[in-house]
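The values are calculated or read from the model by the stated rules, or taken from the named source; none is laboratory data. Small disclaimer: the values here were computed from a predicted structure and weren't measured. For neighbour counting, all protein chains shown are included, and Cβ atoms are generated from backbone atoms with ideal geometry for every residue, glycine included. Heads up: the accessible areas ignore ligands, DNA and RNA and are worked out on the full protein's heavy atoms, side chains in. Shrake-Rupley method; radii C 1.70, N 1.55, O 1.52, S 1.80 Å.
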Amino acid sequence: MDLNELAKTATFAGVILLENGAETYRVEETMSRICEQYGASVVDAFATPTILIVSFSYHDQLVHNIKRIHSRSVDLHKIHQINDLSRNIRANALSVEELTMRLRGIRNEKRYPFLVTLCFSGICTFGFAFFFHGSIHDAIAAFLIGLLIKLSVNLAEQIKLNSFFVNALGGAVAALSAMILTHLGLADHLDIVIISSIMLLVPGLAITNAIRDTVSGDLLSGLSRTVEAFLVAVAIAIGSGTIFMLLGGF
């Protein structure tokens, strides 16, 4: 068995988990489990939102691997698939090469079609308008803005715009669109429409994971995720605030 390949495979599984929003403890546990399934001992796995390290011993031979994380999103289905795969390596009698191929298949698996994601983005903002006690006009306006935000964010991500500016753009689109629709009489409450729309950008999973990591003792990851969530909130505020400053008397 190629021990370097085992280390790379375990790290690869951790990369996919982190890229799709997994908690720190789950990433470290999965990497350790994969190494142990193939007979490794004294396994140490370390994960932060931006870097992964795995180290293990195999018949007195020490092996390490480090991997940098460059992008992060949310796909809970991929997390479930890798979690299930790592727990059934022995039951399925998978070689390291077969495991790597399975992991590649999971990583390359296509998400929902963009039109489906676009539609549910609108439904999400539509529902939040009622949650914040808005009218049917506010809900319809929020639905339209939700579609526009998703289109804008998707376009910004395609041209590889920095995530801070992506969220700032989303906040600006929400504020500008809400102001226009309210001015045209198509929405009743400007504040409710804006709040409902920017809920699409709020980093709920990042905040949840930050609390989870901090409580479980992963202080570095918890702090990193907290700062990340704070910066997203700042970006949204800057985007929407800039529109208010420029068009406050609209």
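Some observations on this one:
- For the range 194-209, the candidate set comprises residues that are over 20 Å from CYS119 (Cα atoms) and touching an Asp or Glu at 6+ places or on another chain (Cβ under 8 Å); within that set, the residue that is surrounded by the most Cβ atoms within 10 Å (Cβ to Cβ) is ASN209.
- Pair list, Cβ < 9 Å and 6+ apart or interchain, from the range 79-92 residues that are modelled with pLDDT under 85 to residues that are of a type in the set (Ser, Thr, Tyr) and part of a helix (DSSP H, G or I): none
- ARG111 being charged (D, E, K, R), more than 27 Å from ALA206 (Cβ to Cβ), in contact with a helix residue (DSSP H, G or I) (Cβ under 8 Å, 6 or more places away or on another chain) and open to solvent by 100 Å² or more (accessible area, probe 1.4 Å): no
- Under the condition of being closer than 30 Å to HIS70 by Cβ and of a type in the set (Val, Ile, Thr), the residues counted in the range 152-188 number 4.
- Of all residues in the range 65-78 being out of contact with any Leu (no Cβ under 6 Å at 6 or more places or on another chain) and within 19 Å of LEU99 (Cβ to Cβ), the one that is most open to solvent (accessible area, probe 1.4 Å): HIS77
- Out of GLY241, GLY222, GLY171, GLY217, sole residue that is on the phi > 0 side of the Ramachandran plot and either touching a Gly at 6+ places or on another chain (Cβ under 6 Å) or open to solvent by less than 60 Å² (accessible area, probe 1.4 Å) (or both): GLY217
- Residue, most open to solvent (accessible area, probe 1.4 Å), within the range 130-157, restricted to residues that are of a type in the set (Gly, Ala, Ser) and assigned to a helix (DSSP H, G or I): SER152
- Check on SER121, in contact (Cβ under 8 Å) with a residue 24 or more places away in the chain, open to solvent by less than 20 Å² (accessible area, probe 1.4 Å) and under 30 Å from PHE46 (Cβ atoms): no
- Number of residues in the range 177-193 that are closer than 22 Å to ILE123 by Cβ and either surrounded by fewer than 20 Cβ atoms within 10 Å (Cβ to Cβ) or touching a residue at least 40 places away in the same chain (Cβ under 8 Å) (or both) equals 11.
- Condition met for VAL54 (within 25 Å of VAL215 (Cβ to Cβ), open to solvent by less than 20 Å² (accessible area, probe 1.4 Å), part of a strand (DSSP E or B) and in contact with a Gly (Cβ under 8 Å, 6 or more places away or on another chain)): yes
- Residues that are under 17 Å from GLU36 (Cβ atoms) and basic (Lys, Arg), drawn from the range 90-125: ARG90
- Filtered by the rule that a residue be of a type outside the set (Ser, Thr, Tyr) and open to solvent by less than 10 Å² (accessible area, probe 1.4 Å), the range 5-19 gives LEU6, ALA7, ALA10, ALA13, GLY14, VAL15, ILE16, LEU17, LEU18.
- The C-beta contact set for the range 63-74 (first residue more than 12 Å from ALA45 (Cβ to Cβ), second residue surrounded by 12 or more Cβ atoms within 10 Å (Cβ to Cβ) and β-branched (Val, Ile, Thr), distance under 6 angstrom, 6+ apart or interchain) comprises ARG68/ILE51; ILE69/THR50.
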